[in-house]
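This report concerns only the one structure given below.
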Amino acid sequence: MVVRDGGDAHRLGAGIDVELQIVGSLLRAIAEEMGAVLVRSAFSANIKERRDCSTALFDAHGRMIAQAEHIPVHLGAMPDAVAAVMRHEPARDDVWILNDPYTGGTHLPDITLVSRTEVGFAVTRAHHADVGGAEPGSMPADSSTLDEEGVVIPPTRLDDKALDALVAQMRNPEERRGDLRAQLAAHGLAERRVGELCGRRGPDRVIAAMDELFAYSERRMRAGIAVLPDGRYEAEDVLEAQAEDLELRVAVTIEGDAIDVDFAGTASQHDGNLNCPLAVARSACYFVVRALVDPDLPASGGAFAPVSVRAPEGCLVNARPPAAVAAGNVETSSRIVDVVMRAFGRAIDVPAQGQGTMNNVTLGNERFTYYETIGGGQGACPDADGPSGVHVAMSNTLSTPVEALELQYPLRVERYGLRLGSGGAGRRRGGDGVVRELRVLEPCRLSIISERRRHTPQGERGGEPGAVGRNLLNGEPLPGKVTLDLAAGDVITIETPGGGGFGR
């Protein structure tokens with residue numbers, strides 16, 4: 001078998017498949033170990049407990065070769081971040097930092113570091129508990145421009161001076177510094193492990209194996225797409241902006257071994273923060289295709305080469321700067337999954353809609369900042385009930401343990417359990433949402449960004465919809481998106497949506 005790096009051919013000789021599997025497993029193990037170092041070294045609960053972070057290895061051409069199984073929404077944007085850094089011709093010992101959504105980021109709290117390895121690049125991305133801006137936690141519900149959401153970092157070489165300047169603009173600067181140093185520790189490990197691998201196997205063989213791994217993923221994905229029925233399949237859904245519903249339209253075209261996803265007809269970007277850059281839309285589409293076509297395929301850029309994603313410039317899913325994007329990365333990405341999945345449902349069986357929201361809750365003041373997403377009910381499948389109270393799809397994070405939350409923050413968990421009966425009925429029942437009730441123990445600010453408070457998650461093939469979610473302050477209803485002051489003793493209750501049922 002011949003594998004290629006650029007235009008040069010390398011013969012790995014007998015045992016190519018065995019060696020390819022070994023090198024591929026080693027590269028994935030390095031990405032996973034990077035994630036373990038980041039999680040175990042981090043200061044904030046958002047990274048060390050919820051694991052809201054991703055790690056990956058890229059080749060010298062900027063192609064993603066191996067990503068740890070962390071956050072799907074980071075999939076499509078990480079290559080853009082590497083490409084943005086590559087334009088600056090980074091030196092071998094440099095580490096670069098960015099969070100600008102319009103140059104490879106997602107939303108501002110997701111800070112990305114990029115560094116060189118012997119045969120390519122290492123990348124980490126982590127959601128930081130605060131990056132400055134108008135509101136503690138940097139996830140305001142009512143922002144209208146990017147600057148209101150925090151510090152915007154274009155691709156910048158990270159040294160001690162730059163690190164000091166950045167954290168000085170953020171709340172809890174020492175915690176921010178600690179989390180960034182945890183990311184740097186992951187990069188140091190990546191450089192060592194890749195160097196050790198090259199020392200054992202030789203850099204040429206590692207480069208050749210990376211090239212073949214990329215090609216192998218593409219071949220597997222094309223083979224899976226080829227068995228799907230050709231055709232053009234359309235769907236629509238809405239996002240719940242504060243004043244109105246915003247329409248998402250998609251047309252999925254399956255032709256041979258390729259898929260085209262076109263968002264023509266989607267609403268224009270708006271004055272709030274449900275906008276997202278095209279890289280986030282790509283991530284959501286890649287997640288759906290991988291989940292439906294070959295869910296066991298390791299995360300690699302080659303798997304997404306057969307998938308093209310298009311959207312009119314200036315629309316909700318391909319926004320122009322300086323549009324605000326805090327909710328786009330979390331809520332619009334979730335709705336993109338719903339609408340693209342529904343389009344595929346015109347051709348093949350797909351699960352019913354899940355909760356379709358991350359139920360973002362941010363609490364903080366000048367002393368502390370806390371952010372979490374809350375799981376909910378997921379849609380039923382043709383052969384199984386939907387799971388209850390889980391984080392899936394574009395989130396894939398964990399819940400913050402009650403003990404860790406109460407130990408680190410002036411918060412008390414009054415209730416945390418399943419919202420029984422919220423899943424939709426059907427031949428297979430949708431999963432139930434959860435109830436999360438928090439009492440704040442000192443004055444602070446609250447921001448909630450949530451969806452599916454007006455429109456239910458829909459069932460499939462005659463299944464009933466799941467229940468909509470609810471937000472409450474001291475028992476009184478709150479809007480789906482809100483920022484306000486809390487007094488000590490106030491109780492916030494989040495009731496997350498249930499999943500849709502499948503079949504009559």
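The set of residues in region 154-169 that are out of contact with any Phe, Trp or Tyr (no Cβ under 7 Å at 6 or more places or on another chain) and surrounded by fewer than 21 Cβ atoms within 10 Å (Cβ to Cβ) comprises 154, 159, 160, 161, 162, 163, 164, 165, 168, 169. Scoring residue 372 on the criteria (1) among the charged types (D, E, K, R); (2) under 21 Å from residue 127 (Cβ atoms); (3) more than 25 Å from the chain's Cα centre (by Cα) leaves a single failure, condition (3). In the condition set (1) surrounded by fewer than 22 Cβ atoms within 10 Å (Cβ to Cβ); (2) at positive phi, residue 452 is compliant with all but (1). Only one of the numbered conditions (1) under 22 Å from residue 472 (Cα atoms); (2) buried (at least 20 other Cβ atoms within 10 Å of the Cβ); (3) modelled with pLDDT under 95 is not met by residue 362, and that is (3).
Of the residues that make up region 227-238, is at least one under 30 Å from residue 133 (Cβ atoms) and surrounded by fewer than 19 Cβ atoms within 10 Å (Cβ to Cβ)? Can you show your working first?
In the first step, residues of region 227-238 are kept if they are under 30 Å from residue 133 (Cβ atoms); the result is 237-238.
This time we only want the ones that are surrounded by fewer than 19 Cβ atoms within 10 Å (Cβ to Cβ), so: 238.
Looking through region 227-238, at least one residue is under 30 Å from residue 133 (Cβ atoms) and surrounded by fewer than 19 Cβ atoms within 10 Å (Cβ to Cβ).
Contact map, region 425-444: first residue closer than 27 Å to residue 367 by Cα, second residue part of a loop (DSSP other than H, G, I, E, B) and not small (Gly, Ala, Ser), Cβ cut-off under 6 Å, separation 6 or more or different chains; pairs are 436/374; 440/490; 441/410; 442/410; 444/365.
Select from region 41-67 the residues that are farther than 18 Å from residue 371 by Cα and free of Cβ contacts under 8 Å to residues at least 60 places away in the same chain and list them in ascending order.
Here is the first cut: in region 41-67, the ones farther than 18 Å from residue 371 by Cα are 41, 55-67.
Selection gives 61, 62.
Within region 132-150, being in a loop (DSSP other than H, G, I, E, B) and out of contact with any strand residue (DSSP E or B) (no Cβ under 7 Å at 6 or more places or on another chain) holds for 132, 133, 134, 138, 143, 144, 150.
Is there a residue being outside any loop (DSSP other than H, G, I, E, B), surrounded by 24 or more Cβ atoms within 10 Å (Cβ to Cβ) and either modelled with pLDDT under 95 or of a type outside the set (A, V, I, L, M) (or both) anywhere in region 384-399? Within region 384-399, none of the residues are outside any loop (DSSP other than H, G, I, E, B), surrounded by 24 or more Cβ atoms within 10 Å (Cβ to Cβ) and either modelled with pLDDT under 95 or of a type outside the set (A, V, I, L, M) (or both). If only residues of region 276-286 that are buried (at least 24 other Cβ atoms within 10 Å of the Cβ) and of a type in the set (A, V, I, L, M, F, W, C) are counted, the one that is farthest from residue 210 (Cα to Cα) is 276. In this structure, is residue 190 modelled with pLDDT of 95 or more, surrounded by fewer than 23 Cβ atoms within 10 Å (Cβ to Cβ) and not hydroxyl-bearing (Ser, Thr, Tyr)? Here the answer is no, as residue 190 does not meet what is asked. Suppose we filter 272, 231 for residues that are at pLDDT 95 or above, over 23 Å from residue 149 (Cα atoms), among the small types (Gly, Ala, Ser) and not assigned by TED's automatic domain parsing to the domain that holds residue 449; which single one remains? Of the residues listed, the single one that is at pLDDT 95 or above, over 23 Å from residue 149 (Cα atoms), among the small types (Gly, Ala, Ser) and not assigned by TED's automatic domain parsing to the domain that holds residue 449 is 231.
Residues that are of a type outside the set (D, E, K, R), part of a loop (DSSP other than H, G, I, E, B), at pLDDT 95 or above and on the phi > 0 side of the Ramachandran plot do occur in region 308-317.
Before we move on, is residue 60 crowded, with 24+ Cβ neighbours inside 10 Å and in the same structural domain as residue 115 (by TED's automatic domain parsing)? Outline the logic, then answer.
Numbers: crowded, with 24+ Cβ neighbours inside 10 Å: no; in the same structural domain as residue 115 (by TED's automatic domain parsing): yes.
So residue 60 does not fit the description; no.
Specify which of the listed residues (332, 357) is surrounded by 23 or more Cβ atoms within 10 Å (Cβ to Cβ) and assigned by TED's automatic domain parsing to the domain that holds residue 465. Let's see the steps before the verdict.
Values: 332 fails: assigned by TED's automatic domain parsing to the domain that holds residue 465.
Only one candidate passes the filter, namely 357.
Cβ-Cβ distances below 9 Å connect no pair with a first residue in region 368-387 that is touching a residue at least 60 places away in the same chain (Cβ under 8 Å) and not assigned by TED's automatic domain parsing to the domain that holds residue 459, a second residue that is surrounded by 24 or more Cβ atoms within 10 Å (Cβ to Cβ) and part of a strand (DSSP E or B), and a separation of six or more residues or different chains. Filtering 116, 92, 50, 125 for residues that are of a type outside the set (A, V, I, L, M, F, W, C), over 26 Å from residue 317 (Cα atoms) and in a strand (DSSP E or B) leaves a single hit, 116. Only one of the listed residues (402, 468, 440, 435) is among the β-branched types (Val, Ile, Thr) and either more than 26 Å from the chain's Cα centre (by Cα) or in the same structural domain as residue 138 (by TED's automatic domain parsing) (or both). That residue is 440. Could you check region 216-272 and list, in sequence order, the residues that are under 20 Å from residue 357 (Cα atoms), in a strand (DSSP E or B) and not β-branched (Val, Ile, Thr)? Within region 216-272, 235, 236, 237, 239, 240, 245, 246, 247, 248, 249 meet the criteria. Restricted to region 353-379, and to residues there that are hydrophobic (A, V, I, L, M, F, W, C) and in a loop (DSSP other than H, G, I, E, B), the residue that is nearest to residue 444 (Cα to Cα) is 368.
Considering only residues that are in a loop (DSSP other than H, G, I, E, B) and either exposed (fewer than 15 other Cβ atoms within 10 Å of the Cβ) or of a type in the set (Lys, Arg) (or both), which ones fall in region 411-437?
Keep residues of region 411-437 that are in a loop (DSSP other than H, G, I, E, B), which gives 420-427, 429-432.
Those that are in a loop (DSSP other than H, G, I, E, B) and either exposed (fewer than 15 other Cβ atoms within 10 Å of the Cβ) or of a type in the set (Lys, Arg) (or both): 420, 421, 427, 429.
Results for (1) in contact with a Lys or Arg (Cβ under 7 Å, 6 or more places away or on another chain); (2) among the hydrophobic types (A, V, I, L, M, F, W, C); (3) in contact (Cβ under 8 Å) with a residue 12 or more places away in the chain, shown as yes or no for each residue.
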position: 294; (1), (2), (3): yes, no, yes
position: 301; (1), (2), (3): yes, no, yes
position: 305; (1), (2), (3): no, yes, yes
position: 315; (1), (2), (3): no, yes, yes
position: 330; (1), (2), (3): no, yes, yes
position: 360; (1), (2), (3): no, no, yes
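Just a yes or no: is a residue in region 281-290 modelled with pLDDT of 95 or more, over 30 Å from residue 149 (Cα atoms) and not in a loop (DSSP other than H, G, I, E, B)? Among the residues of region 281-290, at least one is modelled with pLDDT of 95 or more, over 30 Å from residue 149 (Cα atoms) and not in a loop (DSSP other than H, G, I, E, B), which makes the answer yes.
The values are calculated or read from the model by the stated rules, or taken from the named source; none is laboratory data. What you see is a predicted model, and the numbers here were worked out from it, not measured in a lab. Ideal geometry is used to build each Cβ from the backbone, glycine not excepted, and the neighbour counts take in all protein chains shown.
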